[in-house]
Amino acid sequence: MLSLFKIAALGAAFLLLAGFWFINRDEMDPLMTLERRARIEASPHYRDGEFRPDVPHEKVEADMSFWKPFFFPTAGINIPEEPMRHEKTDLKSIPRNEDVVVWMGHSSFYMQIGGKKILIDPVSARYASPVPFIAGAFDGSNVYGPDDIPDDLDVMVLSHDHWDHLDYDFVKKIEPKVKYVVTGLGNGGYYEKWGYPLSKIHEADWNEEVKLDGLAIWVLPTRHFSGRMLKRNQTLPASFAFITPNRKVYYSGDGGYDGRFRDIGKQFGGFDLALMEDGQYSRNWHSVHMLPEESAKAAEEIGARTVIPCHNGKYALSIHTWQEPYERMEAAAEGKSFHLLTPEIGEAVYMGDETQHFREWWKMMK
């Protein structure tokens, strides 16, 4: 019979091997080639061994309540009691000449402008974490998956590498459909590691422009952080401007409020549409996630004519109720210079169509 010492030793060895496997999973860290590392270290935004925002983060205060929605979400409070409302648009059937955007839940969008098909932060993961029991998706929120994406996608954009924005399975499965990827410095290492040829990958620093056959994508600043597990701030989080001859769209990605929005608004002369973060916030960490009132202020400062709020409706990553981002954003938008649009997951928003109206669907749910 094995002694208690041997059993304990075997158990410890098993845990060590399991831990080694876990932190070295393909999903965890990007491929960091010498060329990629050299470009990162040459960035003026990479200081003292990590990427830093122009306005430093405040200290994040995470008490016990911080962890409650991850491990113990409450139906009717952090998560809906009923499945999320949705109206699934067939993305493959939309004519290429239509300028349209479809919210896919959380911060995932499918967009067409100027004849280009664009996918933003696509996620259909059951859990927004590396382990299969933390931060589960709301029932009914996983409406779209890799099979729903058109086969002739022009570009996929990644704002940053957190689990609720970068979905390993989704990214791997749609590689044959993707012509180009645009993302911040370092993030291309995930795509290269996961089978994308370098010819598809465009990594850029803040305030750099990537030109793709009549579509200009600007990689712009944000006030956030990055990292999948142990290594932090080795990849560059970003926001984006999408520019065609007839349309200008801004995507905020994640990030706390600072003066960048006014600068971006002046640089581009306003936007037809802003996809603006609004959710998973807290006073304790609002330097890395905007409060709804800050989201509304930011949208006005960049000169957005219309706004779709995002970073909500799929995962419970903060202690506020699941409806609160919509309630506060709706109130904050009153009297502002932009028009707030609140589509259900999968409901198509046609740019320039001022006759479209969207229901206050979150008020119809428990």
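Please name all residue pairs, on different chains or six or more residues apart, with Cβ atoms under 9 Å, provided the first residue is in the stretch 211-239 and is farther than 15 Å from Gly49 by Cα and the second residue is small (Gly, Ala, Ser) and surrounded by fewer than 19 Cβ atoms within 10 Å (Cβ to Cβ).
Gly214/Gly115; Leu215/Gly115
Have a look at Ser318, Ser295 and point out the one that is within 25 Å of Gln112 (Cβ to Cβ) and either surrounded by 20 or more Cβ atoms within 10 Å (Cβ to Cβ) or in contact with a strand residue (DSSP E or B) (Cβ under 9 Å, 6 or more places away or on another chain) (or both).
Result of the check over Ser318, Ser295: Ser295.
With open to solvent by 40 Å² or more (accessible area, probe 1.4 Å) and either on the phi < 0 side of the Ramachandran plot or of a type in the set (D, E, K, R) (or both) as the only criterion, which of Asp353, Asp272 stands out?
None of the other options fit; the residue is Asp353.
Let me confirm something: among Glu208, Glu277, Glu192, which residue is over 29 Å from Pro56 (Cα atoms) and under 20 Å from the mean Cα position of the chain (by Cα)?
From the options Glu208, Glu277, Glu192, the qualifying one is Glu192.
Of all residues in the stretch 130-183, which are of a type in the set (Gly, Ala, Ser) and either open to solvent by less than 20 Å² (accessible area, probe 1.4 Å) or part of a helix (DSSP H, G or I) (or both)?
Across the stretch 130-183, the qualifying residues are Ala135, Ala137, Ser141, Gly145, Ser159.
Residue by residue, here is whether (1) modelled with pLDDT under 95; (2) open to solvent by less than 20 Å² (accessible area, probe 1.4 Å); (3) in contact with a Cys (Cβ under 9 Å, 6 or more places away or on another chain); (4) part of a strand (DSSP E or B) holds:
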| position | (1), (2), (3), (4) |
| --- | --- |
| Ser65 | yes, no, no, no |
| Phe70 | yes, no, no, no |
| Pro73 | yes, no, no, no |
| Ile77 | yes, no, no, no |
| Thr89 | no, no, no, no |
| Asn97 | no, no, no, no |
| Trp103 | no, yes, yes, yes |
| Phe109 | no, yes, yes, yes |
| Gln112 | no, yes, no, yes |
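Conditions: (1) touching a Ser or Thr at 6+ places or on another chain (Cβ under 9 Å); (2) under 19 Å from Ser159 (Cβ atoms). Ser287 meets all but one. Number of the miss?
Result: Ser287 passes all but (1).
For the subset of the stretch 114-127 comprising residues that are outside any loop (DSSP other than H, G, I, E, B) and open to solvent by less than 20 Å² (accessible area, probe 1.4 Å), which member is nearest to Glu277 (Cα to Cα)?
The selected residue is Ile120.
Identify, please: which residue in the stretch 210-265 is among the aliphatic types (A, V, I, L, M) and assigned to a loop (DSSP other than H, G, I, E, B) and is, among those, most open to solvent (accessible area, probe 1.4 Å)?
Once the filter is applied, the top-ranked residue is Leu230.
The values are calculated or read from the model by the stated rules, or taken from the named source; none is laboratory data. Everything numeric in this text was worked out from a predicted model, so none of it was measured. FYI the Cβ positions are ideal-geometry reconstructions off the backbone, even for glycines, and counts take in every protein chain you see. Just so you know, the surface numbers come from the protein's heavy atoms only, side chains and all, with ligands and any DNA or RNA stripped out. Shrake-Rupley method; radii C 1.70, N 1.55, O 1.52, S 1.80 Å.
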